[in-house]
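The values are calculated or read from the model by the stated rules, or taken from the named source; none is laboratory data. Keep in mind that what you see is a predicted model, and the values were worked out from it rather than measured. Cβ placement follows ideal geometry from the backbone for every residue including glycine, while neighbour counts extend to all protein chains displayed. SASA here: full protein model, heavy atoms, side chains in, ligands and nucleic acids out. Shrake-Rupley method; radii C 1.70, N 1.55, O 1.52, S 1.80 Å.
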Number of protein chains: 2
Amino acid sequence: MFKKYPSFNKLEALSKDPLDLTKEGVLNSDRIHSMHLSACSWKMLFGTERVDSKVLEGLTEMAKDADVFTKMQKMQDMEVMNFVNGCKSEQRMVGHTAIRARDLPKKASDTAKQTAKDSEIELEKLEHFLKENTQFKHMVVCGIGGSYLGALAISKAMKGLHRTDRTLHFASNIDPDKIASILDEIDLNKTVVAVISKSGGTMEIKAQEIMLKNFFEQKGLDPKNHFVMVTGKGSPMDNPILYKEIFYMWDFIGGRYSVSSMVGAVPISFICGIKVWKEFLQGASDMDHHALHEKEVTKNMPLMGALLGIWNRNFLKMDTLCIVPYSSSLDLWAGHIQQLYMESNGKSVSKEDASYIDYDTCPIIFGTCGTEGQHSYFQAIHQGTVIVPIEYVGFLHPQRGIDEEIEGTYNQEKLLSNLFAQAISLARGKSSTNHNQTFPGNRPSRMLLTHTLSAYSMGALLAYYEAVAAFQGFIWGINSFDQEGVQLGKLIANKIVDEYKHHHEKGRYSGDPTLEVETAFMKEIKSLDKGPSKKFMAS
Amino acid sequence: MFKKYPSFNKLEALSKDPLDLTKEGVLNSDRIHSMHLSACSWKMLFGTERVDSKVLEGLTEMAKDADVFTKMQKMQDMEVMNFVNGCKSEQRMVGHTAIRARDLPKKASDTAKQTAKDSEIELEKLEHFLKENTQFKHMVVCGIGGSYLGALAISKAMKGLHRTDRTLHFASNIDPDKIASILDEIDLNKTVVAVISKSGGTMEIKAQEIMLKNFFEQKGLDPKNHFVMVTGKGSPMDNPILYKEIFYMWDFIGGRYSVSSMVGAVPISFICGIKVWKEFLQGASDMDHHALHEKEVTKNMPLMGALLGIWNRNFLKMDTLCIVPYSSSLDLWAGHIQQLYMESNGKSVSKEDASYIDYDTCPIIFGTCGTEGQHSYFQAIHQGTVIVPIEYVGFLHPQRGIDEEIEGTYNQEKLLSNLFAQAISLARGKSSTNHNQTFPGNRPSRMLLTHTLSAYSMGALLAYYEAVAAFQGFIWGINSFDQEGVQLGKLIANKIVDEYKHHHEKGRYSGDPTLEVETAFMKEIKSLDKGPSKKFMAS
């Protein structure tokens, strides 16, 4: 599909001679003031991207060629949008916008309206649970991948809004060291464990849960009084005998899109209070509304984010995207977006006919918070051989209102100065007779700016990225809502686990010939045991 | 230089038809057992890389063409190796191996020996300081970039070896929210602040220090009794009137190579004890020795790491490298290596004659710990359109010895099963009539495996990566030890900070025409203030 859009050829022609940001006079204040848009407390500035009016025209046409608003409407109305025609696929609705919808317009679909109501019921259940169970001062979340990364990133982002009488911990991994380190910090008597697994069958979660339950039992505590579950209705873990409360999610919420469901609601409402959580949902819902109803392409923030990304990816041929929020509270944000984008759009099969596509999809996403990256890998972004586009996120005021004037400026102003300086220096570059001090420039970026990192702006930011992922998937003609690529590894891992088990039981490996390579790996790592002396062990 | 090596053409010819790992019979146990090497408690398995004996021959020749051992010898002997011929450059020695050298051989240079002695003096000073100042239960480290990221990553990695009566915090950013969040968790009476700045002039560090000193003074505490400094001798912050103790580093230690200096010693000895720190240095020193003295290329672990990286980068044309340790304690490790590699080798100028080079250097480095990535961006690594080589890090035993047998296997075994399963599934792939469930495979990776995450193995691992960076720089013919690329952003940021200052003083922006774009950004962000209503603010 993608390469058959009339706009594709137009943009490809324009990409032969794209705007040069280093050229005298190109990057000026008029350009900055004319290239921005606003939505839900956010402003996007994209004057430092390598686009001009013709490219913007081409991108606008591409949005139309791909019929993105019809598709967004279908998604928000919960038609089946998780599919690949021509082969067996998940064939599911997509519901992450419906579950957080506030004030749905009359013309919204009945399914979306019902889903909004169902979510409201879960939220009320949670509100009641929190009111009735004030004995809990610590929460441990057992989740992995989509069932924890977004919630963790956002709970960190909202640190300034945390209740100071509570703590929140994520036992995301089966790594036994991680759980041991959490147990150092909590009082099990006052702890509630939230186990999160949509399918109720994830290896890591089951292992964590059993390990944690044992600790409670060793302390003479009944896990039933301390464990709550977030899972799909009817999953193997939907068992009220085992849990103090069960909160539901649905199969139309993919893990990476699940922050707004009970997956995020349970931990974030616990640590910030339900009122903060509702403001968060309001921000997300407002951005969903904007994404669907702002039909002027260059005024639609997530759609412009999607299109600028596609310009950099498919026409300027950039393999990566760096996400850099200038806020240390957002230090896990790039990780969540990495999951959201790469799991959604790291695909190679057309949604329309299951054919293999012949163009690039999701770039590699990475990033850290600023200014930290500046003192580190930004060296390569300025002077290396790979061109890396950047999306900055910045705030006018600090979250907690604590700031300090030092040598005539506030720290928050220093942060912003750095953000602006990076965008300018990467765009303009700098020539020098000293080649080692030359900056080629012409390296594109855009900025997302808002007042402060509030629950509302954070909700809107999450929904921005989710809508970018959806729009890009629509344009590339791929299914952004399944994740077949994670299956093969799981399958083989389970086989190897069985092999270990066999080894424990029989005292030797099964020798199953299809496991030849696995067995070789095991032999190699086991042979380490015979190796070096004691001095190599932890003291 | 690089493209003129005789081995370059040989490898380029071989890269036209590289080994296909998906081919029946290619990936078998013989291959796994024949493609590994060992050093300093570690084993590297590289049977899942796309190399055969001819490629290994070519890479071995390339190591010789680049004369890597002579250069490594010069580096470890502290000759001036931080230079770019033909333009003004830093012209410094490189000393990160010398400062941690244990039992230097007689033939080591006098400079290296003297440096080892000087470092020993600083270490003794630190040992004495820790013995005399047991009143401190919390340490806050003020550092940024190279002055903190490695130390933070390693202190997290060694969590299982921490003293339980102490806490360690890193205030790495000028973000005021970060410092506020640390102050929530500590008792200033029992707190020592370690300020780390080689130059003594970094904006972020100065701002942090002033902010923190104010908090001590507000509590009626004299900062002089609570602040220690790690800096270069003679720097503006080398002032004994202001600090309880000053520990020295030297200009021949680049920030990103400074973990083994007082930059890492102060926080890690505080939290783990000096004995653990010395074991760490021993591991690093042993790996340095191996890197220099194991002249058989295919048995030299960092050299093989460097060469396999160059094969993937320059011949198989891969833009990125993903680092995935299967240990949640190493969750910041990829971030440190991102800094180390990208700041060292994200360069475009030949070291020999300052000419612009016409081949690729450092790839984009990213990664997280496993299994977390598997549930996230690994979708794109398995089925996306960018081929991403992976370096796994794995451990046979958990760090703290706490593990649980669940359904017949231990959690650590499940971790390893997952690691092995990823390597196998990415290499072999899987065909299917369902295109959406097809895995193209042929995606390369290698593994670093050891017993357990001990101080010794962690030291060796750090030195492995540092030696890979050095070897790759030698082969690419670039200077891995300067960082001119971070300067332009700093320069412009300082200008913008001045502009803010001017604005505070005069009530308006200076209107300096060279700051036109900066001013436009400022106007845009300021205009947010007039925007949306209260509901957008944090509650």
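Data for the structure
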read-out: Accessible surface, the protein assembly as shown, averaged per residue in Å² (probe 1.4 Å); value: 33 Å²
read-out: Share, in percent, of DSSP beta bridges within the protein assembly as shown that are antiparallel, nearest 5; value: 30 percent
read-out: Rg/Rh (Cα only; Kirkwood hydrodynamic radius) as it applies to the range B:351-404; value: 1.19
read-out: Volume per residue that the Cα convex hull of the range B:134-252 spans, once the total is divided by residue count, Å³; value: 109 Å³
read-out: Where A:Asp17, A:Asp184, A:Asp165 fall by accessible area, highest first, once all protein chains stay in place (1.4 Å); value: A:Asp17, A:Asp184, A:Asp165
read-out: Under-5 Å amide H pairs with A:Val141, H placed in peptide plane, nonlocal only; value: A:His169, A:Phe170, A:Ala171, A:Ala194
read-out: Global form of the range A:232-338, assessed from the alpha-carbon gyration tensor, a/c cut-off 1.5; value: prolate
read-out: Among B:Leu126, B:Val193, B:Leu221 the positive-end extreme of the charge dipole of the range B:100-258 (Cβ point charges); value: B:Leu126
read-out: Cleavage-rule hits (GluC sites (Glu not before Pro)) in the range B:262-332: DSSP loop, at most 14 neighbouring Cβ within 10 angstrom; value: B:Glu296
read-out: FRET efficiency for A:Asn214 and A:Lys64, using Cβ-Cβ distance with R0 set to 56 Å, rounded to 0.05; value: 0.45
read-out: Label point 7 Å beyond Cα along the C-beta direction, distances from B:Gln91 to other copies (nm, shortest first); value: 7.5
read-out: Label point 7 Å beyond Cα of A:Asp17 along Cβ direction - residues of the range A:23-61 with amide nitrogen under 19 Å; value: A:23-27, A:50-59
read-out: The range A:223-291 and the range A:380-400: distance between their alpha carbon centers, rounded to Å; value: 32 Å
read-out: Inter-chain shielding of B:396-409 (mean C-beta neighbours from other protein chains, 10 Å cut-off); value: 6
read-out: Rg and Dmax of chain A, Cα atoms only, in Å; value: 24.9, 76
read-out: Inter-chain Cβ neighbour average for residues B:139-150, partner chain, 10 Å; value: 2
read-out: Burial of 10 Å² or greater, the range A:87-101 residues [accessible area, probe 1.4 Å, versus chain by itself]; value: A:Cys87, A:Lys88
read-out: Whole-percent carbon and sulfur share, accessible surface of the range B:10-130, 1.4 Å; value: 48 percent
read-out: For B:His138, solvent-accessible area (1.4 Å; no DNA, RNA or ligand), Å²; value: 30 Å²
read-out: Charge context of A:Ser376, other residues only, Cβ under 14 angstrom, K/R +1, D/E -1; value: -2
read-out: Descending semi-axes in Å of the range A:308-416, equivalent ellipsoid built from Cα gyration tensor; value: 34, 16, 10
read-out: Cut-off of 10 Å, at most 16 other beta carbons, DSSP loop: longest stretch of chain A lacking such trypsin sites (Lys or Arg not before Pro); value: A:318-507
read-out: Exam field: B:Asn214 pseudo-label spacings to other copies (7 Å along Cα-Cβ), nanometres; value: 5.0
read-out: Electrostatic dipole magnitude of chain A [Cβ: Lys, Arg +1; Asp, Glu -1; Cα centre; debye, to 20]; value: 240 debye
read-out: Cα-based equivalent ellipsoid, the protein assembly as shown: semi-axes from gyration tensor eigenvalues, Å; value: 39, 35, 33
read-out: Dipole of the protein assembly as shown, positive end: most advanced residue of B:Ile253, A:Ser445, A:Ile144 [Cβ charges, Cα centre]; value: A:Ile144
read-out: Sorted largest first, extent of the range B:372-465 alpha carbons per principal axis (Å); value: 46, 37, 20
read-out: Cβ-vector label at 7 Å, B:Lys299, separations to other copies in nm; value: 7.2
read-out: Heavy-atom accessible area, 1.4 Å probe, ligands and nucleic acids excluded: residues of the range A:199-228 down by at least 10 Å² from chain alone; value: A:Met203, A:Glu204, A:Lys206, A:Ala207, A:Ile210, A:Met211, A:Asn214, A:Phe215
read-out: Listing of the range A:328-346 residues, each with accessible area lower by at least 10 Å² in the full protein assembly than in the chain alone (probe 1.4 Å); value: A:Ser328, A:Ser329, A:Gln338, A:Gln339, A:Met342, A:Glu343, A:Gly346
read-out: B:Lys106 versus A:His504: modelled label distance in nm, points set 7 Å from Cα along the beta carbon direction; value: 5.5 nm
read-out: Accessible surface of the range A:412-523 [probe 1.4 Å, protein heavy atoms]: carbon and sulfur percent; value: 49 percent
read-out: Kirkwood hydrodynamic radius (C-alpha pairs) into Stokes-Einstein, the range A:25-118, 20 °C and 1.002 mPa s, D in µm²/s; value: 130 µm²/s
read-out: Per-selection Rg to Rh, the range A:425-512 - Cα, Kirkwood hydrodynamic radius; value: 1.31
read-out: Solvent-accessible area buried by pairing A with B, both sides, nearest 100 square angstrom, 1.4 angstrom probe; value: 14500 Å²
read-out: Cα-centre dipole for the protein assembly as shown with unit charges at Cβ (Lys and Arg positive, Asp and Glu negative), debye to 20; value: 240 debye
read-out: Under the span-like rule (Cα at least 24 Å along the axis, Kyte-Doolittle mean at least 0.5), DSSP H helices of chain A; value: A:455-476
